[in-house]
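I have placed the structure first, in the form of structure tokens, so that the comments after it can refer back to it.
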Amino acid sequence: MPPDRLASLLAAATARLKAAGSDTPVLDARLLLQAAGGMTREELILGPDRALTEEQLARYERFIARREQHEPVSRILGTREFYGRTFRVTPATLDPRPDTETLIDAALPMMPQGARILDLGTGTGAIAVTLLAERPDASGIATDLSPEALAVEQVNADANGVAQRLGFAQGSWFEPVSGLFDMILSNPPYIPESEIEGLSADVRNFDPRLALLGGNDGLDPYRVIASRSAAHLAAGGHVLVEIGAGQAEDVTAIFGARGFMLHGQYQDLGGHVRCLAFGRHGS
């Protein structure tokens, strides 16, 4: 098959990405080829001898070169799939991970009718937008320190049909909000400062430090959330947080010292405890 045909291009790109250290070279090469050629997966499968235009070929080369430098596919394409929906991703936001879907699965059964939720450090809005899309009776507020991130979330809220039920507030954690919420959620930064440089290049070089760094021990955001959640939590409400691997005991102790009781812990697909749910004692 000529080297400019889809099958040949895909094979060559896969080899390049494998040599560059990609964990998923076949998938990466295919997704980038589909995007460069403006085609579906089915069109790629059914037309392996099709050729790209010069413009499409040049675009594919740029995509593969960027991926060879460990730039995530989602950042190259500007979108990420999360819980069956498409989210805009920019350099101002954390790239939503499948692990965070654990928090969504945990939260949905706990949400009362007409729930009002608060998403702290929202980034792309993956948590708040998904919960409101899944529960048309719910509403909420999402906060972020970065105005650029909030602008991305507004785009995602509009695209997923929940903008009328989701407010946006710029500021640090609880500072820009008032009132009570049935559920407070967060996927906060939880990487200890000493571990930042040891992260994979995909994360270290492309996710914003603001969304990664959780202080010297990775637990500073949990201390803030635990100390201020009671003032904003409605009776019978829950606080759900995503955590890093191995942080469950420490985070549980932080919330326990503030009068919260662990109501559940939830594992991701890798078997790590990824989400903790807390309630007030007696609620």
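With respect to the stated conditions, ASP119 fails to be farther than 26 Å from ARG228 by Cβ and open to solvent by less than 50 Å² (accessible area, probe 1.4 Å).
Figure legend. Inter-residue proximity from the stretch 131-145: first residues over 13 Å from ILE117 (Cα atoms) and free of Cβ contacts under 8 Å to residues at least 60 places away in the same chain, second residues open to solvent by less than 30 Å² (accessible area, probe 1.4 Å) and part of a loop (DSSP other than H, G, I, E, B), beta-carbon distance below 8 Å, spacing 6+ or different chains. Indicated pairs: ASP144/THR122; ASP144/GLY123.
Just to be sure, is GLY114 touching a helix residue (DSSP H, G or I) at 6+ places or on another chain (Cβ under 9 Å) and on the phi > 0 side of the Ramachandran plot? Judged against the criteria, GLY114 is not a match.
The condition of being at pLDDT 95 or above, farther than 18 Å from LEU103 by Cα and either open to solvent by less than 50 Å² (accessible area, probe 1.4 Å) or small (Gly, Ala, Ser) (or both) holds for only one of ALA248, ALA234, that being ALA234. Restricting attention to the stretch 16-29, the residues being open to solvent by 60 Å² or more (accessible area, probe 1.4 Å) and either assigned to a helix (DSSP H, G or I) or not β-branched (Val, Ile, Thr) (or both) number 6. Within the stretch 210-223, being surrounded by 17 or more Cβ atoms within 10 Å (Cβ to Cβ) and of a type in the set (A, V, I, L, M, F, W, C) holds for ALA211, LEU212, LEU213, LEU219.
Selection of the stretch 1-15 for residues being hydrophobic (A, V, I, L, M, F, W, C), over 23 Å from SER200 (Cβ atoms) and open to solvent by less than 70 Å² (accessible area, probe 1.4 Å) yields LEU6, ALA7, LEU9, LEU10, ALA11, ALA12. Among the residues of the stretch 129-158, which ones are among the small types (Gly, Ala, Ser) and either under 20 Å from GLY236 (Cα atoms) or open to solvent by 10 Å² or more (accessible area, probe 1.4 Å) (or both)? If the condition is that a residue be among the small types (Gly, Ala, Ser) and either under 20 Å from GLY236 (Cα atoms) or open to solvent by 10 Å² or more (accessible area, probe 1.4 Å) (or both), then ALA133, ALA138, SER139, GLY140, SER146, ALA151 are the ones that fit. Could you tell me which residue of the stretch 38-51 is modelled with the highest pLDDT, considering only residues that are open to solvent by less than 70 Å² (accessible area, probe 1.4 Å) and touching a Leu at 6+ places or on another chain (Cβ under 7 Å)? Among them, the one singled out is LEU44.
Within the stretch 258-269, residues that are in contact (Cβ under 8 Å) with a residue 12 or more places away in the chain reach partners that are in a strand (DSSP E or B) and of a type in the set (Lys, Arg) with beta carbons closer than 8 Å, at six or more positions or on different chains, in the pairs GLY259/ARG280; PHE260/ARG280; MET261/ARG280; TYR266/ARG274; GLN267/ARG274; ASP268/ARG274.
Here are some residues: ARG75, ARG62. Which one is open to solvent by 40 Å² or more (accessible area, probe 1.4 Å) and not hydrophobic (A, V, I, L, M, F, W, C)?
Values: ARG75 fails: open to solvent by 40 Å² or more (accessible area, probe 1.4 Å).
Unique residue meeting the criteria: ARG62.
Tell me whether the stretch 167-179 contains one or more residues that are touching a Ser or Thr at 6+ places or on another chain (Cβ under 7 Å), on the phi > 0 side of the Ramachandran plot and open to solvent by less than 40 Å² (accessible area, probe 1.4 Å). Yes: one or more hits.
The values are calculated or read from the model by the stated rules, or taken from the named source; none is laboratory data. Please read all numbers here as calculations on a predicted model, not as lab measurements. Reconstructed Cβ throughout: ideal geometry from the backbone, glycine too, with neighbour counts over all protein chains shown. In case anyone asks, the SASA skips ligands and DNA or RNA and just uses the protein heavy atoms, side chains included. Shrake-Rupley method; radii C 1.70, N 1.55, O 1.52, S 1.80 Å.
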